[in-house]
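The values are calculated or read from the model by the stated rules, or taken from the named source; none is laboratory data. Model, not experiment: these values are computed from the prediction. For neighbour counting, all protein chains shown are included, and Cβ atoms are generated from backbone atoms with ideal geometry for every residue, glycine included.
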Amino acid sequence: MHDQYLQGSFFEEDYLIRTLGSLATQPDIALTELVANAWDAGASRVEITIPTELFGEIIVEDDGTGLTPEMFRKRWMTLGYNRLKYQGEQVEFPPGRVDTFRKAYGRNGVGRHGMLCFANRYTVQTCRDGIGANFIVSVDSGKDPFTLISEETFPCESHGTRLMAKVERNLPNIEEIREILSARFLHNPQFQVIVNGKYIDLTQHRGLIEHTHIQINDRVTLELFVIDSTKMSKNMKQHGVAFWVGNRLVGEPSWYLGEFTLADGRTAFARRHTIVAKSDDLYNEVLPDWSAFKKSALMDNVYKAISSYIETIYRRIMRDRIVETKRSVLSEHRAELSKLPALGKVEVSNFIEELTNTHPTIQQDFLSAAVKAVIQLEKTRSGVSLLQKISCLSEEDVEGLNRLLEDWTVKDALAVLDEIDKRLLVIEALERFSSDPNIDELNTLHPLVIQARGSVKIFV
């Protein structure tokens, strides 16, 4: 009795599309997930064909393992399919593929529905184990958020998967997609993403900021490429140091090599950069499964050299960045700084230098907030000093200051005090020069007398 229910749940027709979020609305995210799906299928090549106008056909084709009809129904048609549970994190490769080590990106099986970014219906053509199959998948309403419309099988000797749909919405920009995808998967030279027949080589990336060589010893040379993801449209899939030996990825990109931590993965520098280290001289140092390097004195020297290089480039990048950050912050607070006395300006400048030297990675908004606080302190410093002086005045002095301020403004009082000071200086000069019998009365004393008379008139 307890197992019975009165009514099950139903789904709106656009339920799945709304659930997918940005995957169903942003072409670069949808195509990135589809390419990642090909990566997880052990592909070495993904070819994407994007139409130039709406209602043309978009195609994503890979040479991965493909799926049997049974696998398709189990994996593709299961909403929220748990890849780790049923397949593990290691990628399976097609027969004869040289690659032996690759970790999967996929976790929940959502990325395979990236074609829904462009249409409510798409076709999957896949081949594996001598069997090919065509499937048509569509979003639906009622008790199923998406359904399998049709299925047909045929003999097939190849392997891989081909996705097709007519672009009814969210037409991708071809050049932008080519740049984004080639950048996001650049860490592995044995995985190429080709968009409308073109592939961007590592040396052609807009994010390439440095290309150099390091000599480890007389037998080993490293060729290094530094990629800054902020100079491209979107971030890369992985960051760290990616080793290419014989144009093949060793392990996975990482900032942790052997006993060396090359960069804190939480910092802005680590999150925005990837360094590719290429060499044809390290074959004997690679483990048989290509998951990592052997432990050896040579690899320790390689790691040390790369660590030293990263520290150098990190300091240079941070130095250039912090100069621009300081310039921006000073410009932001220019008006307030101009109101400070000279000593206050010096104090603020010293504070900025000390803070940025101690924390060269400080963000601009944090530095700006700190400078604003220091400026406020400098503004109140003279006020605090004045309050301290007033608190030390006698009762008679306070009463006198009050009477003075009733009849005079501070500005007028300062002007009068300046005139008195000038008169006293003239009188002092007259007293000193008049007692000198050798003084030039016409050219020295007479101008002082005239100046004293003028000061008296001004004062009166």
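Kindly check whether there is at least one residue in segment 179-192 that is within 24 Å of R271 (Cβ to Cβ), outside the structural domain of E57 (by TED's automatic domain parsing) and crowded, with 20+ Cβ neighbours inside 10 Å. Give the steps one after another, and end with the answer.
Step one: of segment 179-192, the residues within 24 Å of R271 (Cβ to Cβ) are 179-189, 191.
This time we only want the ones that are outside the structural domain of E57 (by TED's automatic domain parsing), so: none.
No, segment 179-192 contains no residue that is within 24 Å of R271 (Cβ to Cβ), outside the structural domain of E57 (by TED's automatic domain parsing) and crowded, with 20+ Cβ neighbours inside 10 Å.
Scan segment 225-239 and give yes if some residue there is in the same structural domain as S307 (by TED's automatic domain parsing) and at pLDDT 90 or above, otherwise no. I'd like the intermediate steps shown before the answer.
From segment 225-239, those in the same structural domain as S307 (by TED's automatic domain parsing) are 225-239; that's our starting set.
When the remaining residues are screened for being at pLDDT 90 or above, the result is 225-226.
Checking segment 225-239: at least one residue is in the same structural domain as S307 (by TED's automatic domain parsing) and at pLDDT 90 or above.
The condition of being part of a loop (DSSP other than H, G, I, E, B), over 27 Å from the mean Cα position of the chain (by Cα) and either surrounded by fewer than 17 Cβ atoms within 10 Å (Cβ to Cβ) or assigned by TED's automatic domain parsing to the domain that holds F72 (or both) does not hold for R206. Note on segment 251-276: residues that are hydrophobic (A, V, I, L, M, F, W, C), surrounded by fewer than 21 Cβ atoms within 10 Å (Cβ to Cβ) and part of a strand (DSSP E or B) amount to 1. For segment 56-89, filtered to residues that are part of a helix (DSSP H, G or I) and under 22 Å from Q190 (Cβ atoms), the residue that is nearest to the chain's Cα centre (by Cα) is R83.
Of all the residues in segment 120-163, those that are in contact with an Asp or Glu (Cβ under 6 Å, 6 or more places away or on another chain) and at pLDDT 95 or above number 5.
Determine whether segment 60-71 contains at least one residue that is under 19 Å from L181 (Cα atoms) and aliphatic (A, V, I, L, M). First the steps, then the outcome.
Residues of segment 60-71 that are under 19 Å from L181 (Cα atoms), as a first pass: 60-64.
So of that shortlist, the ones also aliphatic (A, V, I, L, M) come out as 60.
Yes - at least one qualifying residue is present in segment 60-71.
Suppose we filter segment 144-166 for residues that are at negative phi, touching a Gly at 6+ places or on another chain (Cβ under 6 Å) and either in a loop (DSSP other than H, G, I, E, B) or surrounded by 15 or more Cβ atoms within 10 Å (Cβ to Cβ) (or both); how many remain? Within segment 144-166, residues that are at negative phi, touching a Gly at 6+ places or on another chain (Cβ under 6 Å) and either in a loop (DSSP other than H, G, I, E, B) or surrounded by 15 or more Cβ atoms within 10 Å (Cβ to Cβ) (or both) number 3. Residue pairs whose Cβ atoms lie under 7 Å apart, separated by 6 or more positions or on different chains, with the first residue in segment 196-214 and closer than 15 Å to F185 by Cβ and the second of a type in the set (F, W, Y), are L202/F225.
Does at least one position in segment 277-298 carry a residue that is under 24 Å from the mean Cα position of the chain (by Cα) and buried (at least 16 other Cβ atoms within 10 Å of the Cβ)? Among the residues of segment 277-298, at least one is under 24 Å from the mean Cα position of the chain (by Cα) and buried (at least 16 other Cβ atoms within 10 Å of the Cβ), which makes the answer yes.
Among (1) basic (K, R); (2) within 27 Å of L116 (Cα to Cα); (3) in the same structural domain as G251 (by TED's automatic domain parsing), which single condition is R219 missing? The one condition R219 does not meet is (2).
Got a sec? Which of G96, G109 is more than 19 Å from H187 (Cβ to Cβ), in the same structural domain as R45 (by TED's automatic domain parsing) and under 31 Å from the mean Cα position of the chain (by Cα)?
On the way: G96 fails: under 31 Å from the mean Cα position of the chain (by Cα).
Unique residue meeting the criteria: G109.
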